[in-house]
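Below is one structure, written out as structure tokens, with a few remarks after it.
The values are calculated or read from the model by the stated rules, or taken from the named source; none is laboratory data. In this text the structure is predicted, and so the values were computed from the model without any measurement. FYI the Cβ positions are ideal-geometry reconstructions off the backbone, even for glycines, and counts take in every protein chain you see.
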């Protein structure tokens, strides 16, 4: 009997629905050929919904996310739709906090044939993962900061409980990557411990976790130096772990190394739930034109399959997640079916069909 997995789907705003539809089509095709079933439940949320109803994340959608085996979330938010305090609508951040999705996973991988802004040494491979704490840090008082006529204040929060869970996740990922031959088994803590007591606290918790993993390597880096090294030697890293705001900034820099946000997937993972979504925004300037790049969304779905497979011990899900990632990479490397952000002229469905062709050939 086939295993069945319930997937909560948030199609989002702007180009969100346009990149969600072909992604679901690909997932349905994989499930039909595989030994499992994926049941999709559409969950309304986002800026457009807020503009219509005054609610950005309905309770029914939140409950569907809680009940699902995984959550697939597309681009969210519209610059023209904001809360009364001027901040943008961001249900994805609400989900992170309500479901305690403390580990934001941002893979940075450069493969042969990929067009990138750097000239890499031919013998160097870039394949690292940035883990961003996603529930506290400088995002702690999001929407609740103190603002007066003369000053504004936001509170950075770092807790021992969340940091311990974050670092345990990072070392576990490094161990799995080492076992699969994907990395040397090194975790680097990225902070600003030379200036802020909060980050000295953060680093001390990291060091305590590192001591529990003598079989793995550990290192430290200041965030400003790490931004420099992303450009100078991005091949030197395996797993990086950092605070929320630092991770928000560095993850976009990592996407730039790969050629843009259009090829940058992500996940936000907790003890019981996980959200998978592209790193890019809703791009309302091209919404409805059918030209959005679906690769980041499809790659996020690939991450979802691998996570589900690891969580439930289903090898076929892991295999299909890897196949889907490699099919996306092969499509990009081939270079004849690319959207405008990658220098091509293909439409969204053209790219999805090219990925399907690569899957069929794998």
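Would you call residue 277 under 18 Å from the mean Cα position of the chain (by Cα), surrounded by fewer than 18 Cβ atoms within 10 Å (Cβ to Cβ) and outside the structural domain of residue 254 (by TED's automatic domain parsing)? When the stated conditions are applied, residue 277 does not pass them. When the stretch 91-101 is limited to residues that are without any contact (Cβ under 8 Å) to a residue 40 or more places away in the chain and under 18 Å from residue 245 (Cα atoms), the one that is surrounded by the fewest Cβ atoms within 10 Å (Cβ to Cβ) turns out to be 97.
Does residue 132 satisfy being part of a strand (DSSP E or B) and in contact (Cβ under 8 Å) with a residue 24 or more places away in the chain?
Numbers: part of a strand (DSSP E or B): yes; in contact (Cβ under 8 Å) with a residue 24 or more places away in the chain: yes.
So residue 132 fits the description; yes.
Every residue in the stretch 145-170 that is in contact with a helix residue (DSSP H, G or I) (Cβ under 7 Å, 6 or more places away or on another chain) and either without any contact (Cβ under 8 Å) to a residue 12 or more places away in the chain or surrounded by fewer than 21 Cβ atoms within 10 Å (Cβ to Cβ) (or both), please. If you could, list the steps in order and put the result at the bottom.
Of the stretch 145-170, the ones in contact with a helix residue (DSSP H, G or I) (Cβ under 7 Å, 6 or more places away or on another chain) are 156, 158, 160, 163-164, 167-168.
Hits for the stretch 145-170 are 156, 160, 164, 168.
Which is in a loop (DSSP other than H, G, I, E, B) and more than 26 Å from residue 278 (Cα to Cα), of 117, 121, 112?
Values: 117 fails: more than 26 Å from residue 278 (Cα to Cα); 112 fails: more than 26 Å from residue 278 (Cα to Cα).
Just one listed residue meets the conditions, 121.
For residue 88, are the conditions met, namely being without any contact (Cβ under 8 Å) to a residue 12 or more places away in the chain and either over 21 Å from residue 283 (Cα atoms) or in the same structural domain as residue 53 (by TED's automatic domain parsing) (or both)? Answer is no for this residue. Kindly evaluate residue 266 against the criterion of being out of contact with any strand residue (DSSP E or B) (no Cβ under 7 Å at 6 or more places or on another chain) and in contact (Cβ under 8 Å) with a residue 60 or more places away in the chain. When the stated conditions are applied, residue 266 does not pass them. Return yes when residue 252 is surrounded by fewer than 17 Cβ atoms within 10 Å (Cβ to Cβ), within 29 Å of residue 347 (Cα to Cα) and modelled with pLDDT of 95 or more and no when it is not. Criteria met by residue 252. Quick check on residue 112: is it exposed (fewer than 14 other Cβ atoms within 10 Å of the Cβ), closer than 18 Å to residue 280 by Cβ and touching a residue at least 40 places away in the same chain (Cβ under 8 Å)? When the stated conditions are applied, residue 112 does not pass them.
Considering every residue within the stretch 321-329, establish whether at least one is over 19 Å from residue 24 (Cα atoms), surrounded by fewer than 20 Cβ atoms within 10 Å (Cβ to Cβ) and free of Cβ contacts under 8 Å to residues at least 40 places away in the same chain.
Residues of the stretch 321-329 over 19 Å from residue 24 (Cα atoms): none.
No.
Does residue 249 qualify as being touching a helix residue (DSSP H, G or I) at 6+ places or on another chain (Cβ under 7 Å), touching a residue at least 12 places away in the same chain (Cβ under 8 Å) and not in a loop (DSSP other than H, G, I, E, B)?
Working: touching a helix residue (DSSP H, G or I) at 6+ places or on another chain (Cβ under 7 Å): no; touching a residue at least 12 places away in the same chain (Cβ under 8 Å): yes; not in a loop (DSSP other than H, G, I, E, B): yes.
No, not satisfied.
Checking the stretch 25-41 against the condition returns no match, with no residue being part of a helix (DSSP H, G or I), within 19 Å of residue 339 (Cβ to Cβ) and in contact with a strand residue (DSSP E or B) (Cβ under 8 Å, 6 or more places away or on another chain).
Test of understanding: among 219, 225, which residue is within 30 Å of residue 119 (Cβ to Cβ), at pLDDT 95 or above and part of a helix (DSSP H, G or I)? Give the derivation first.
Values: 219 fails: part of a helix (DSSP H, G or I).
Testing whether each residue is within 30 Å of residue 119 (Cβ to Cβ), at pLDDT 95 or above and part of a helix (DSSP H, G or I) leaves just 225.
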